[in-house]
Structures are given as structure tokens and as C-alpha cells.
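Here is the structure we will look at.
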Amino acid sequence: MTPFEKQGILLMSNRRILSNEPEINKEIFSMKMDLGRNLRGFCIGSLVILLLIGFAGITQPMGIMNYEIDTTHSMIIFRAKHNGVSYNYGRFNEFTGEIMISADRVIERTVEFEVKAASIDTGNKKRDQHLRSSDFFSAKQFPLITFKSTEVSEKEGKADILEVTGDLELHGVKKSITVDAQITGRAKGKDGESLIGFESTFTIKRSEFGMTYGMASVSDDIQITVSVEAVHK
């Protein structure tokens with residue numbers, strides 16, 4: 001084979017390679033387009049999922065309203081019998097709370113309270129200091145008294161009375177209690193805000209919460225009344 005013939009074969013081979021380049025480029029371009037579409041679809045899908053997760057975390061069922069306790073117009077008071085003959089009364093001056101309800105009835109069963117033990121007030125400074133001590137509330141060691149509901153239902157046959165079950169934590173001891181709470185009213189405030197009122201009176205035994213000092217002079221049974229005015233947030 002002459003040098004000229006070899007050169008001709010080489011040129012023809014190069015032409016064939018060059019003539020196939022557009023088809024190769026088209027295939028590569030098509031693969032890139034498919035990959036781009038898949039990536040865009042994946043990103044958009046991921047974004048939608050993230051948004052749905054986010055909204056699921058912050059939205060509430062329609063008709064649900066959060067109410068915050070108006071501490072200026074609410075009270076937590078208690079009474080204990082002294083020497084078996086007379087009742088001594090006291091109250092807690094610092095507390096917060098929230099209630100989640102619907103516009104017309106309780107459907108989200110959430111009631112929460114947080115009370116500062118050191119805010120106990122019986123109208124006598126010396127007695128209050130004693131009550132804050134380790135003989136009674138141990139307010140430094142257990143600064144908060146808390147209640148969180150686990151179930152709320154309407155009392156059978158009494159639409160304005162709720163049966164509230166929840167965990168009361170007092171003096172470092174947590175116990176489940178069930179109390180009745182009466183809806184005392186619904187109204188609109190001066191600025192048009194929704195208001196609702198509740199009141200509950202119930203009795204606990206302080207010995208069940210590890211408070212056993214002075215049982216001979218101070219009754220084991222402690223009656224507690226919680227009167228609440230709550231405002232829609």
C-alpha cells in the first residue's frame with residue numbers, strides 16, 4: 001500500500017468519526033436534559049414535603065382557640081383546718097396557664113398550670129416563711145407546682161361541667177388527679193376579644209405529696225379552689 005493510499009484511509013476514518021459526533025452529542029445532551037428534569041423534580045418534591053412538614057408543625061385544627069390565663073382576674077386559693085376547729089386560708093400570687101378549646105365546646109383537651117411555690121400568701125409573713133421551708137413546700141428545692149391535663153371530657157348530662165384528669169406535681173411528687181371544672185361564663189372583652197371562665201374546687205391529701213409535718217395541728221386534707229378567667233390569644 002502506497003503512502004497516498006494509507007493517507008486516504010486515515011482521512012476517511014476521521015470523517016466517519018467526525019460524522020458520528022453529532023449523534024454522540026445528541027445522546028449526551030438528552031442524558032443531561034433527563035438528569036436535569038429529574039433533579040428539578042426531586043428538588044421541587046423535597047421542597048413540597050418540607051413545607052408540608054413545617055405547616056403540620058405550626059397549624060392547628062380549624063376552630064381551635066388558645067386561651068391564656070388572665071392572672072389579674074384569676075385566683076388559686078386553699079384552706080386547711082387548724083387544730084381541728086377552724087379553717088386557715090391562703091393563696092398563690094404567681095402562676096401562669098393555658099387552655100386549648102374550640103369556639104363552642106372543648107375538643108382539644110389541654111389545660112396547663114404553673115405555680116410558683118414561693119408565692120404562697122396566707123397574710124402572715126412568719127407563717128408564709130415556714131410554709132416555704134422544708135417542713136412544707138420546700139420552695140427552694142421544688143420551686144414549681146405544675147398541672148398538665150391528660151384528658152378532658154364533658155360531664156354526662158351537664159354541658160357546663162368538665163371532667164379534667166391530669167398530672168399534678170407538688171413537692172417533687174407527681175400524681176394523677178381528676179377534678180370537675182364548671183364553665184362559669186363566656187363573653188367578649190372591651191376590645192372584642194373572646195373570654196371564658198372556669199372554676200374548680202377539689203381536695204388533695206398533702207401526705208400523698210410527702211408533706212407530713214405537723215399532722216396533729218394542720219389537716220391532711222387541703223381544699224383547693226381554682227377560679228380562672230382566660231382570654232383568647
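Every number here is computed from the coordinates shown, using simple stated rules; none is lab data. What you see is a predicted model; the values in this text were computed from it and never measured. Every residue, glycine among them, receives a Cβ derived from its backbone with ideal geometry; neighbour counts consider all protein chains shown.
A few notes on this one:
- 3J(HN,Hα) from dihedral phi, region 174-180, Karplus parametrisation 6.51/-1.76/1.60, rounded to Hz, x for glycine, proline: 10, 9, 7, 10, 10, 9, 9
- Maximal additional length on extending the ASP221-LYS188 stretch stands at 8.1 nm, based on 0.36 nm per residue less the C-alpha distance.
- Interchain or long-range residues, amide H under 5 Å from THR110's placed H: MET100
- Were the residues from GLU156 through GLN129 laid out at 0.36 nm apart, the gain over their Cα-Cα distance would be 5.4 nm.
- When each of LYS140/LYS233; LYS125/LYS174; LYS140/LYS174; LYS81/LYS116 is checked by Cα-Cα distance, pairs over 25 Å: LYS140/LYS233; LYS125/LYS174
- Burial ordering of ARG206, ARG127, fewest other beta-carbon atoms within 10 Å first: ARG127, ARG206
- ³J(HN,Hα) computed for each position of region 214-222 - Karplus, 6.51 cos²θ - 1.76 cosθ + 1.60, integer Hz, glycine/proline x: x, 5, 6, 10, 10, 4, 6, 6, 10
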